[in-house]
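Novice: Pasting a structure here, questions to come.
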Amino acid sequence: MSLIIEVAIPVPLNQTFDYLCDDLVSVGSRVKVPFIRKEVVGVVLCIKDKSEFTKLKTVSQVLDKEPILDGSILDFLFWSSKYYHHPIGEVISAAIPKNLRLGKEAEIKKIAPPTTERVRPDFVPTNEQNSAIEKILSSKNSYQGFLLHGVTGSGKTEVYLNCTQAIIDNGGQVLVLVPEIGLTPQMISRFESRLNTIVVAIHSQLNETQKLNAYLMAKTKKAGVVLGTRSAIFAPIPNLGLIIIDEEHDSSFKQNSGFRYSARDLSYIRARQSNIPVIFGTATPSLETLKNVLDKKVNRITLSERAGGAKLPKVSLIDLRSDYGRSLSPLLVEKMQITLKNKKQVMLFINRRGYAPVYFCTDCGWKAQCNHCDSALVYHRQINRLKCHHCGVEQIPISTCPECEKSNLEVFGYGTERLEETLNSYFPNVPIIRIDRDTTRQKKSFSKHLEKINSGEPCIIVGTQMLAKGHDFSNLSLVGILEIDAGLLSIDYRATEHLAQLLIQVSGRSGRNKEEGEVVIQTRYPEHPIFHYVLSNRYTQFASALLKQRNKSQLPPFSHQALICANSKNKQNAEKFLMEAANLLNKITVDSVDVWGPVPDIIEKKSDYYYFNLYLQSNNRSSLHLMLSTFTENVDSLKTKNKVRWYLDVDPIE
Ligand code: ADP
Ligand code: ZN
Ligand code: ZN
């Protein structure tokens, strides 16, 4: 006799599909099913007695004897689908490795041998570290959030390692999330060399076989530690005993395309469902987490001093108003010379890749713009191309101005490439290591650069935000921070929070050994209030001041937001769809949800598509979500729906 099964299929439709199945099959297993003249791979969600549909099609093949998703991970995926109002089929598809999506066998190809010898640290935990470890482990078998608020270099990783070992000794598994791929190799080796277990990594630079292997090692409990970037939050970990979110304030925990979710926010849910502790580690907590501390939903643990006797660096400003146009002030150059003479390393942080951000006509002021986006083209000297950082379009720089036909075209401003060139002329005999997306495109090139820095030889490191966090360069003693003024003037209400975090994180790379490090920030706005706090390392006070402002203006985390974005090559359609959407929303009777827009996105045109947004905000999360579910149920009734691309972003951060 055939069974009736309900199947999740990766299509952008808010529904599941019923099929007949002639073979034995269990919930959480994959099946191959006919779907609109194709065969697709779906996952069985339940087995039922009857279906409301007639004429059911039959499953072509059952792919798994053992389910690939167990009950607890399915519950978590259902929760995620409901909260983000995203179809369960697409949520499941985002949560499993590509090889499983394609229907390949769920089999471990090779088990990595347990790594080399374990090293014991040559120090004992400090009192602060010990008390943190004790507090966290005291809620080993119950749900509790901890903010591990430790200044940069305070030894948070040491706390993670000790807690992790204790959980593993108890037969548990630990999930560690880190923000960037760049941080994973370093973290992996720190965990591997210390812990008595197999550590597997899950991140985008692995090939598909490696990803599937890691996934299955976690699922079969062979790996004690699963370490990865945001998507690892969905890894199947049957004995999950602890979740660690390192650098919790980092915005890369938010997925900003397809199924949009926040791995940090989801970690609360996963920990609660598994009844285990979750650690949010950072030197610069997000306002969301600080509010949870105020609301007593999260317990704050402080590491107030750098480990091993290192001191926090001395931070000072260089007022650039008198050296207009120069990228490096003479004072910074002098400090660099002294540092290098003392056989130490220097790092210059500049958050812009390429040679120069502006290519313009000195006669009439014309500026090279992308034809497909509302953005300026960035000059890249090595390849002699103007490049759009939004759509990737490249063109050869023209030599006569299209407006006035004169040929006085020049670049303006600095990116990493130009800074490197300038440094070469100032410091011809010093190695310069540039780290940005252009110099790290090739596999392993990032780790090669890191190796060179870790050798400790005196050098100048030039880098973008790829270098801002997590790294522990022991011979680095001077950090220069350039070109941050745009961030001071931004209209985004989160800009100052993110800038303060960035400044403190970048500063934190300096002086991680015994000798005190130094940080110099160049700016044309030395009176900006942010410096008042950053110079004296008072992030907490700064964050409290920001929280007060957010409370007063009822912005997140004191209210909840969602965004409906529509885009189309036809500007009117994008706007019209959102007007129809706003009408629909206004007809839904729920209290206290404000609907605002449509308004054009900050960058209105990207790759020839016009972007418009509709903002929803409420003090009441359930009202907002009630409205969103009513909206998604009725969105098919909107006339322009098929003329636009649209998406819903719950708790947007952009
Ligand atoms: P964080 O993650 O808080 O920035 P790390 O965990 O990277 O800091 O630690 C910074 C440095 O201090 C590392 O080199 C680490 O080995 C060292 N360290 C950690 N704990 C101690 C300790 N108790 N005594 C001495 N050194 C320590
Ligand atoms: Zn001109
Ligand atoms: Zn473009």
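The values are calculated or read from the model by the stated rules, or taken from the named source; none is laboratory data. None of the values given here were measured: they were computed from a predicted structure. Neighbour counts run over all protein chains shown; Cβ positions are idealised from the backbone, glycine included.
Novice: Out of the residues in segment 123-158 that are farther than 17 Å from ARG194 by Cα and aromatic (Phe, Trp, Tyr), state the one that is farthest from ligand 2 (Cβ to nearest atom).
Specialist: By that ranking, first place goes to TYR143.
A quick yes/no check of all residues on (1) touching a helix residue (DSSP H, G or I) at 6+ places or on another chain (Cβ under 9 Å); (2) within 16 Å of ligand 2 (Cβ to nearest atom); (3) of a type in the set (Phe, Trp, Tyr):
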| position | (1), (2), (3) |
| --- | --- |
| LEU312 | yes, no, no |
| LEU317 | yes, no, no |
| LEU331 | no, no, no |
| LEU340 | no, no, no |
| GLY365 | no, yes, no |
| ARG381 | yes, no, no |
| ASN384 | no, no, no |
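Novice: Next up: Please pick out the residue among ARG270, ARG300 that is under 23 Å from LEU77 (Cα atoms) and away from ligand 2 (no atom under 16 Å from the Cβ). Break it down stepwise before answering.
Specialist: Details: ARG300 fails: under 23 Å from LEU77 (Cα atoms).
That would be ARG270, the only listed residue that is under 23 Å from LEU77 (Cα atoms) and away from ligand 2 (no atom under 16 Å from the Cβ).
Novice: Taking the criterion of being within 16 Å of ligand 3 (Cβ to nearest atom) and touching a residue at least 40 places away in the same chain (Cβ under 8 Å), would at least one residue in segment 469-480 satisfy it?
Specialist: Checking segment 469-480: not a single residue is within 16 Å of ligand 3 (Cβ to nearest atom) and touching a residue at least 40 places away in the same chain (Cβ under 8 Å).
Novice: I would also like to ask the following. Taking the condition of being assigned to a loop (DSSP other than H, G, I, E, B) and over 29 Å from SER553 (Cβ atoms), how many residues in segment 469-482 meet it?
Specialist: The number of residues fulfilling the criteria is 6.
Novice: Scanning segment 31-50 for residues that are basic (Lys, Arg) and farther than 14 Å from ASP18 by Cβ, which turns out farthest from the chain's Cα centre (by Cα)? Explain how you work it out, then say what you get.
Specialist: Step one: of segment 31-50, the residues basic (Lys, Arg) are 32, 37-38, 48, 50.
Cutting the leftovers down to farther than 14 Å from ASP18 by Cβ gives us 32, 37-38.
Values: LYS32: 33, ARG37: 38, LYS38: 35 Å.
Among those that are basic (Lys, Arg) and farther than 14 Å from ASP18 by Cβ, it is ARG37.
Novice: Output the residue which, of all residues in segment 370-386 that are within 9 Å of ligand 3 (Cβ to nearest atom) and without any contact (Cβ under 8 Å) to a residue 60 or more places away in the chain, is nearest to ARG434 (Cα to Cα).
Specialist: Per the criteria, the residue is LEU377.
Listed here are the residues, each with its yes/no results for (1) within 27 Å of the chain's Cα centre (by Cα); (2) closer than 23 Å to TYR268 by Cα; (3) within 16 Å of ligand 3 (Cβ to nearest atom).
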{"residue": "ARG120", "(1), (2), (3)": "no, no, no"}
{"residue": "PHE123", "(1), (2), (3)": "no, no, no"}
{"residue": "THR126", "(1), (2), (3)": "no, no, no"}
{"residue": "ASN130", "(1), (2), (3)": "no, no, no"}
{"residue": "GLU134", "(1), (2), (3)": "no, yes, no"}
{"residue": "SER139", "(1), (2), (3)": "no, yes, no"}
{"residue": "SER142", "(1), (2), (3)": "no, yes, no"}
{"residue": "THR152", "(1), (2), (3)": "yes, no, no"}
{"residue": "LYS156", "(1), (2), (3)": "yes, yes, no"}
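Novice: Out of GLU248, GLU288, which single residue is in contact with a Pro (Cβ under 8 Å, 6 or more places away or on another chain) and crowded, with 22+ Cβ neighbours inside 10 Å? First the steps, then the outcome.
Specialist: Values: GLU288 fails: crowded, with 22+ Cβ neighbours inside 10 Å.
Going through GLU248, GLU288 in turn, the sole match is GLU248.
Novice: Of these, CYS373, CYS391, which one is buried (at least 20 other Cβ atoms within 10 Å of the Cβ), under 33 Å from the mean Cα position of the chain (by Cα) and outside any strand (DSSP E or B)?
Specialist: CYS373
Novice: Do we have any residue at all in segment 134-146 that's in contact (Cβ under 8 Å) with a residue 12 or more places away in the chain, more than 22 Å from GLN205 (Cα to Cα) and within 16 Å of ligand 1 (Cβ to nearest atom)?
Specialist: Looking for residues that are in contact (Cβ under 8 Å) with a residue 12 or more places away in the chain, more than 22 Å from GLN205 (Cα to Cα) and within 16 Å of ligand 1 (Cβ to nearest atom), one finds at least one in segment 134-146, hence yes.
Novice: Quick one: which helices (runs of 4 or more DSSP H) lie wholly within segment 483-571 and hold at least 3 residues that are at pLDDT below 90, farther than 27 Å from LYS605 by Cβ and touching a Cys at 6+ places or on another chain (Cβ under 9 Å)?
Specialist: none
Novice: Can you tell me which of (1) part of a loop (DSSP other than H, G, I, E, B); (2) touching a helix residue (DSSP H, G or I) at 6+ places or on another chain (Cβ under 8 Å); (3) acidic (Asp, Glu) is the one GLU158 doesn't meet?
Specialist: Answer for GLU158: the failing condition is (1).
Novice: Applying the selection to segment 388-416, what residues are of a type outside the set (Phe, Trp, Tyr) and away from ligand 2 (no atom under 16 Å from the Cβ)?
Specialist: Listed by number, the residues that qualify are CYS388, HIS389, HIS390, CYS391, GLY392, VAL393, GLU394, GLN395, ILE396, GLY413, GLY415, THR416.
Novice: Can I ask one more? Check LEU69, LEU13, LEU45 and return the single one that is surrounded by fewer than 21 Cβ atoms within 10 Å (Cβ to Cβ) and not small (Gly, Ala, Ser).
Specialist: From the options LEU69, LEU13, LEU45, the qualifying one is LEU13.
Novice: Going by the conditions given, is GLN337 surrounded by 15 or more Cβ atoms within 10 Å (Cβ to Cβ), in the same structural domain as SER510 (by TED's automatic domain parsing) and away from ligand 3 (no atom under 16 Å from the Cβ)?
Specialist: It is false that GLN337 is surrounded by 15 or more Cβ atoms within 10 Å (Cβ to Cβ), in the same structural domain as SER510 (by TED's automatic domain parsing) and away from ligand 3 (no atom under 16 Å from the Cβ).
Novice: Right, another one. Looking at the structure I just gave you, is GLY508 assigned by TED's automatic domain parsing to the domain that holds PRO330, more than 19 Å from the chain's Cα centre (by Cα) and crowded, with 21+ Cβ neighbours inside 10 Å?
Specialist: Details: assigned by TED's automatic domain parsing to the domain that holds PRO330: yes; more than 19 Å from the chain's Cα centre (by Cα): yes; crowded, with 21+ Cβ neighbours inside 10 Å: yes.
The answer is yes for GLY508.
Novice: Among (1) away from ligand 1 (no atom under 13 Å from the Cβ); (2) outside any helix (DSSP H, G or I); (3) touching a Lys or Arg at 6+ places or on another chain (Cβ under 9 Å), where does ILE167 come up short?
Specialist: Of (1) away from ligand 1 (no atom under 13 Å from the Cβ); (2) outside any helix (DSSP H, G or I); (3) touching a Lys or Arg at 6+ places or on another chain (Cβ under 9 Å), only one is false for ILE167: (2).
Novice: Checking the condition closer than 28 Å to ASP363 by Cβ and either exposed (fewer than 13 other Cβ atoms within 10 Å of the Cβ) or touching a Gly at 6+ places or on another chain (Cβ under 9 Å) (or both), which residue from ARG434, ARG441, ARG385, ARG381 passes?
Specialist: Just a single option satisfies the conditions, and that option is ARG381.
Novice: Residue pairs, Cβ under 8 Å, 6 or more apart or interchain, first in segment 512-528 and in contact (Cβ under 8 Å) with a residue 60 or more places away in the chain, second acidic (Asp, Glu). List them.
Specialist: Filtered contacts from segment 512-528: ARG512/ASP472; GLN522/GLU483; THR523/ASP319; THR523/ASP485; ARG524/ASP319; ARG524/ASP485; PRO526/ASP319.
Novice: Starting from segment 581-601, keep only residues that are on the phi > 0 side of the Ramachandran plot, then list their pairs with residues that are assigned to a strand (DSSP E or B) whose Cβ atoms are within a distance under 8 Å, requiring at least 6 positions of separation or different chains.
Specialist: Listed by first residue and then by second, the contacts come to SER592/SER618; GLY597/PHE612; GLY597/ASN613; GLY597/LEU614; GLY597/TYR615.
Novice: Let me ask another. Which condition does ALA468 not pass, out of (1) out of contact with any strand residue (DSSP E or B) (no Cβ under 6 Å at 6 or more places or on another chain); (2) of a type in the set (Gly, Ala, Ser); (3) under 27 Å from ILE602 (Cα atoms); (4) at pLDDT 85 or above, if it passes all the others?
Specialist: All conditions are met except number (4).
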